[in-house]
1. Taking the residues in the stretch 229-272 that are in contact with a Leu (Cβ under 7 Å, 6 or more places away or on another chain) and at pLDDT 80 or above as candidates, determine which candidate is surrounded by the fewest Cβ atoms within 10 Å (Cβ to Cβ).
2. Being within 16 Å of the ligand (Cβ to nearest atom) and touching a helix residue (DSSP H, G or I) at 6+ places or on another chain (Cβ under 6 Å) narrows it down to one residue among 209, 185; which is it?
3. Which of (1) assigned to a helix (DSSP H, G or I); (2) away from the ligand (no atom under 16 Å from the Cβ); (3) touching a residue at least 24 places away in the same chain (Cβ under 8 Å) is the odd one out, the single condition residue 139 does not satisfy?
4. For the stretch 142-178, which residues satisfy the criterion of being within 27 Å of residue 106 (Cβ to Cβ) and part of a loop (DSSP other than H, G, I, E, B)?
5. Filter the stretch 181-191 for residues that are within 21 Å of the chain's Cα centre (by Cα) and in a loop (DSSP other than H, G, I, E, B) and give the result.
6. Of the residues 210, 149, 218, 194, only one is under 22 Å from the mean Cα position of the chain (by Cα) and surrounded by fewer than 18 Cβ atoms within 10 Å (Cβ to Cβ); which?
7. Tell me, which strands (runs of 3 or more DSSP E) lie completely within the stretch 40-131 with 2 or more residues that are more than 16 Å from the ligand (Cβ to nearest atom), among the aliphatic types (A, V, I, L, M) and in contact (Cβ under 8 Å) with a residue 24 or more places away in the chain?
Amino acid sequence: MPLLPAFDLLVMQDVVRDAGYVELPCNWLQAQENTLDPIHVEWLHCHFTNYVMEKMDRPDMMRRRIPHAKIGFDVFPYGVIKRRVLEGASEEDDAWTVGHYALFPNYLRVGSEGNRIGGFQIRVPMDDTHTAHWYYNCYPVKPGEAQQRPEDIPMFRVPVPAPNEEGYIPWETLDSAGGQDIVAWYTQGPVADRTIENLGRSDRGIILWRRLLEENIRKIEHGLDPMNVFRDPATNVYHEFATERSRIQQSNASIDTSVRYSPLQAARREAAKSSPRVALLIKDEDVRGLAPMAECVESP
Ligand SMILES: [Fe+2]
């Protein structure tokens, strides 16, 4: 039986966790391939967001679209590191030097936006046309807050933005990256028809991911374990996936789908209103170097 991978957020101590769930009416690979397409942030989460905000008469929620000057992808032992340079930034910036991660075969590692230490989006195929999609997030423990027991980790449902009686998907369900992503995934159809796609230069990450999938399928065919299957505790070492700080304007953004429906986060937002001195934003130094569980060994 394989071991639970010692990915940082799965085994980190002294954090508060929650988990959201949405059942996607489409194949899992549509969500995962989206992870390998950095440019979609520019168009779906900036340009389209601004269209939605225009429809909602919320110009204060508009974002500045910063074009990508460069994207890069590196295979590493756990999947692919995605890198980007936005116009006005440089290769010295952590969006290039650090990047963030697609973990093979079905994880996205998201970073420390807002008060979140980090999160995983995990896409588990239920069958060819349905996917159990999990938003697993970790947050810092606040002063005075009790240690969270595993049985107290809240689970919450995330709705699929769906057409209303008039056949339109309500704008309010499309005002955050999470809702936009869900719609972008499932409107490709239950299984996207790749025979009519036209991949371009910005799809290099998707092409690379498909090669990784092919390689690992061949491994399984030859009786070998694919990437990220761990059976020996000695090799299942703690691995920290430090992520870039977001360069996409977030300050006025809507509360994202991944946390909007979380009872834990709703309670924390309420508490913050009555305790304005409690800082909700965390800093890089709060995120990195959090202690792994005692039985895990620090990765070199
Ligand atoms: Fe997205």
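1. Of the residues in the stretch 229-272, the ones in contact with a Leu (Cβ under 7 Å, 6 or more places away or on another chain) are 230-231, 233, 236, 247, 272.
The next check asks that each one be at pLDDT 80 or above; those that pass are 230-231, 233, 236.
Working: 230: 15, 231: 10, 233: 12, 236: 20.
Top of the filtered list is 231.
2. On the way: 209 fails: touching a helix residue (DSSP H, G or I) at 6+ places or on another chain (Cβ under 6 Å).
Of the residues listed, the single one that is within 16 Å of the ligand (Cβ to nearest atom) and touching a helix residue (DSSP H, G or I) at 6+ places or on another chain (Cβ under 6 Å) is 185.
3. (1)
4. 148, 153, 154, 158, 159, 160, 161, 162, 169, 175, 176
5. Taking the stretch 181-191 first, the residues within 21 Å of the chain's Cα centre (by Cα) are 181-188.
Selection gives 187, 188.
6. Values: 149 fails: under 22 Å from the mean Cα position of the chain (by Cα); 218 fails: under 22 Å from the mean Cα position of the chain (by Cα); 194 fails: under 22 Å from the mean Cα position of the chain (by Cα).
Exactly one of 210, 149, 218, 194 is under 22 Å from the mean Cα position of the chain (by Cα) and surrounded by fewer than 18 Cβ atoms within 10 Å (Cβ to Cβ), namely 210.
7. On the way: elements: 68-76, 79-86, 100-103, 107-110, 118-127.
Counting at least 2 such residues, we get 118-127.
Here is a yes/no grid of residues against (1) over 17 Å from the mean Cα position of the chain (by Cα); (2) closer than 30 Å to residue 162 by Cα:
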position: 7; (1), (2): no, no
position: 42; (1), (2): no, yes
position: 81; (1), (2): no, no
position: 91; (1), (2): yes, no
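The values are calculated or read from the model by the stated rules, or taken from the named source; none is laboratory data. None of the values given here were measured: they were computed from a predicted structure. As a convention, Cβ positions derive from the backbone with ideal geometry for all residues, glycine included, and neighbour counts pool all protein chains shown.
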